[in-house]
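The values are calculated or read from the model by the stated rules, or taken from the named source; none is laboratory data. For clarity, every value in this text was computed on a predicted model and none was experimentally measured. Here Cβ is always computed from backbone atoms with ideal geometry, including for glycine, and neighbour counts include all displayed protein chains.
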């Protein structure tokens, strides 16, 4: 394979920039550019020179031997001054080296996968970590990057292989000679895995919310103060406010970091009976988004809000214009807003605690397939005449579905899509 190189830090002026080189020829090119062959565990400050012997820069050089680096290959890192001119010069010099070429997006990480340094779920966790904006997203991404999904899949796989080996034993026996309790042990293992997988499937929705963000819809009648409230939460004029009823026609979104959680507040059209066709469309959009939101804030005045949307257990109902009554919240003056934020944060934090190890739709689909085959296996075990061969095949299908989560089988078509979202230096 070619030796690849790229800038691993952001392009532009900085105190330090890092250029990474990975491949068999990395140490050889370092000898040509820095005048020495790097050693393990011995960072060195060296002068970098081009092919004409002119000084490029002084850089700290780190060396990682094959099998101990991020990619699993020999890696040399140049930590040099963050000058656009210096970066361009060194990249150009590396491009002149034999068997060297600039890396494609995500190619360093792809080589880590090919060299068994990471599995697919860890790579997805790394991508989430790079894109994380809040503390909750960081924690979840680090957990996945650290291999939590792979470890759990390994645990499930071991149990299913045990169950499969027990079923294989029954194939060599007649129905009367099957050892007592053997099929019961298989059924016990299968039932346990089904329960664990179904729990993870359900929690995947919350894990996905931590990744992409929770949605909180502010709903209420026209002129109740929804837009004023969302402006106060955003700290800017995100929505137009007016005394004219029906000003808000579309859903306005404001994304925030709420005590470590990614949250998008939705300002929606005022809910009322109307004949205005445009306003009717706005109200429909408001209802659709509110019904799919994770939490709803019902902002009310003295008159009760007609039940356009059914309240759910965790929803919040709070009085508007609290600066006048001393009860509720006021977007105009800020009265009650800190308490409202704390309440929303508390409710969403409780939701986030239910997040599992699996974090996206791909994981969920694989687990659903696995559960389906395990249930088929269980049906076979419960037949009057057990069809051991079919039960064993269902178990194998279940294991394959789980292995697809970590990239052991059947994920080649996903790789290009996953790695295309990485930057050049990753």
Evaluate segment 238-254: report whether one residue or more is buried (at least 20 other Cβ atoms within 10 Å of the Cβ), within 20 Å of residue 348 (Cα to Cα), at pLDDT 75 or above and touching a helix residue (DSSP H, G or I) at 6+ places or on another chain (Cβ under 8 Å).
no
For segment 30-55, what are the residues that are closer than 11 Å to residue 78 by Cβ and in a helix (DSSP H, G or I)?
30, 33, 34
Could we say that residue 23 is in contact (Cβ under 8 Å) with a residue 40 or more places away in the chain and in contact with a helix residue (DSSP H, G or I) (Cβ under 9 Å, 6 or more places away or on another chain) here?
yes
With respect to residue 69, determine if the residue is touching a helix residue (DSSP H, G or I) at 6+ places or on another chain (Cβ under 9 Å), closer than 16 Å to residue 92 by Cα and not in a strand (DSSP E or B).
no
On the given criteria, is residue 20 surrounded by fewer than 19 Cβ atoms within 10 Å (Cβ to Cβ), at pLDDT 95 or above and in a strand (DSSP E or B)?
no
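Residues are listed down the side, and each one gets a yes or a no for (1) more than 29 Å from the chain's Cα centre (by Cα); (2) surrounded by fewer than 17 Cβ atoms within 10 Å (Cβ to Cβ):
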position	(1), (2)
4	no, no
13	yes, yes
34	yes, no
38	yes, no
44	yes, yes
47	yes, yes
58	yes, yes
63	yes, no
Filter segment 367-389 down to the residues that are in a helix (DSSP H, G or I) and at pLDDT below 90, then identify the one that is surrounded by the fewest Cβ atoms within 10 Å (Cβ to Cβ).
389
Does segment 76-83 contain any residue that is touching a residue at least 12 places away in the same chain (Cβ under 8 Å), outside the structural domain of residue 145 (by TED's automatic domain parsing), surrounded by 14 or more Cβ atoms within 10 Å (Cβ to Cβ) and outside any strand (DSSP E or B)?
yes
Check on residue 9, in contact (Cβ under 8 Å) with a residue 60 or more places away in the chain, touching a strand residue (DSSP E or B) at 6+ places or on another chain (Cβ under 8 Å) and part of a loop (DSSP other than H, G, I, E, B):
yes
So is residue 302 at pLDDT 85 or above, more than 24 Å from residue 212 (Cα to Cα), surrounded by fewer than 16 Cβ atoms within 10 Å (Cβ to Cβ) and outside the structural domain of residue 135 (by TED's automatic domain parsing) or not?
no
Reported set for segment 119-174 where residues are outside any helix (DSSP H, G or I) and under 16 Å from residue 109 (Cα atoms) is 119, 146, 147
Inspect segment 376-386 for any residue being in the same structural domain as residue 258 (by TED's automatic domain parsing), free of Cβ contacts under 8 Å to residues at least 12 places away in the same chain and more than 30 Å from residue 144 (Cβ to Cβ) and give the result as yes or no.
no
Test for residue 53: is it closer than 16 Å to residue 91 by Cβ and surrounded by fewer than 17 Cβ atoms within 10 Å (Cβ to Cβ):
no
